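For reference, the structure discussed in these notes is given below.
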Amino acid sequence: MGEMLRVSDLNVFYGSIHAIKDISFHVDEGEIVTLIGANGAGKTTTMHAISGLLKPKSGTIDFLGNRISQMEAHKIIRLGLAQVPEGRRVFSHLTVQENLSMGAFTRKDGASAIAQDLEMVFDRLPRLKERRKQQAGTLSGGEQQMLAIGRALMCKPKMLLLDEPSMGLSPLLVKEIFKIIEDVNKDGVTVLLVEQNAKMALEIADRAYVLETGTVKMEGPADELANNIEVRKAYLGC
Ligand code: ATP
């Protein structure tokens, strides 16, 4: 299993605010890695730097041998790195199927390949199939999260970045979404998962990094961190 993503000594500023301070981590092919941490720890900022929405002040990000730290977002997607943004951001006036088709816009292969993948996404997410003609804005929160994941899968990514997929969902739905993430990973997609719900994230992840005020505070195998006293007190509430 080779290394897929490496972030080295990353620094990101918002004006004079130093949001990310010398963060380093990596994700190997086939893994689920999670970044956990409280509000404001810098999780979303890190995701945005990886997906090209924010330019780091210093440090490097490499994905499959490509230096992506200063690359434009659409080029990064083409390399096979797709993001499922926080808050889902589906196109609410378009139907489920239209939203999924938008996910394939970066692809250059033919319409039949895209149609095939649409069926693959519908097989993986049957609730979307039933609702293919429904306006995305009328879907429940959980269904919108599924749609956002489905849309990212339409880019045929090698790696999926997920930003707080559990946000605003009931415990039952969180379970369902996390099962989908595990299944997608089993199908060969590497996953970087940003989560405030540390308990659930540590259950499905192979390894984890704990972010605190813009730095990596701890790192290790997910099961070890889940049993770590400090992590339990600060993030698992027990
Ligand atoms: P949350 O789970 O609440 O989204 P997070 O871990 O994702 O938290 P970030 O959103 O990455 O945290 O924020 C990291 C820090 O950067 C915070 O102190 C935040 O206030 C600051 N920050 C984020 N976005 C901006 C912005 N656009 N302008 C200025 N400061 C920002």
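The values are calculated or read from the model by the stated rules, or taken from the named source; none is laboratory data. The structure presented is a predicted model; accordingly, all values stated were derived computationally and were not measured. Heads up, the Cβs are rebuilt from the backbone with ideal geometry, glycines too, and the neighbour counts pull from every protein chain shown. Accessible surface areas use protein heavy atoms only, side chains included; no ligands, DNA or RNA. Shrake-Rupley method; radii C 1.70, N 1.55, O 1.52, S 1.80 Å.
Of the conditions (1) in contact (Cβ under 8 Å) with a residue 12 or more places away in the chain; (2) open to solvent by 10 Å² or more (accessible area, probe 1.4 Å), P126 clears all except one; give me its number.
Checking P126 against (1) in contact (Cβ under 8 Å) with a residue 12 or more places away in the chain; (2) open to solvent by 10 Å² or more (accessible area, probe 1.4 Å), the one that fails is (1).
Just give me the residues in segment 13-56 being on the phi > 0 side of the Ramachandran plot and within 11 Å of the ligand (Cβ to nearest atom), in sequence order.
From segment 13-56, those on the phi > 0 side of the Ramachandran plot are 15, 22, 30, 37, 40, 42, 52; that's our starting set.
The answer is G15, G37, G40, G42.
Can you name every residue in segment 79-90 that is in contact with an Asp or Glu (Cβ under 9 Å, 6 or more places away or on another chain) and either at pLDDT 90 or above or buried (at least 17 other Cβ atoms within 10 Å of the Cβ) (or both)? Break it down stepwise before answering.
Of segment 79-90, the ones in contact with an Asp or Glu (Cβ under 9 Å, 6 or more places away or on another chain) are 83-87.
If the condition is that a residue be in contact with an Asp or Glu (Cβ under 9 Å, 6 or more places away or on another chain) and either at pLDDT 90 or above or buried (at least 17 other Cβ atoms within 10 Å of the Cβ) (or both), then Q83, V84, P85, E86 are the ones that fit.
Those residues that are in contact with a Lys or Arg (Cβ under 8 Å, 6 or more places away or on another chain) and more than 18 Å from R127 (Cα to Cα), I need them from segment 85-102; list them, please.
Kept after step one, since they are in contact with a Lys or Arg (Cβ under 8 Å, 6 or more places away or on another chain), are these residues of segment 85-102: 90, 95-97, 99-100, 102.
Within segment 85-102, M102 is the sole residue that qualifies.
G137 fails exactly one of the following numbered conditions: (1) within 28 Å of S8 (Cβ to Cβ); (2) open to solvent by 10 Å² or more (accessible area, probe 1.4 Å). What is the number of that condition?
With (1) within 28 Å of S8 (Cβ to Cβ); (2) open to solvent by 10 Å² or more (accessible area, probe 1.4 Å) applied to G137, the lone miss is (1).
Being open to solvent by 20 Å² or more (accessible area, probe 1.4 Å), within 16 Å of the ligand (Cβ to nearest atom) and in a loop (DSSP other than H, G, I, E, B) is the filter here, so list the residues in segment 177-235 that pass it.
Of everything in segment 177-235, those that are open to solvent by 20 Å² or more (accessible area, probe 1.4 Å), within 16 Å of the ligand (Cβ to nearest atom) and in a loop (DSSP other than H, G, I, E, B) turn out to be Q196, N197, T213.
I'd like the residue in segment 57-78 that is touching a residue at least 24 places away in the same chain (Cβ under 8 Å), open to solvent by 10 Å² or more (accessible area, probe 1.4 Å) and not charged (D, E, K, R) and, out of all such residues, is farthest from the ligand (Cβ to nearest atom).
The qualifying residue farthest from the ligand (Cβ to nearest atom) is L64.
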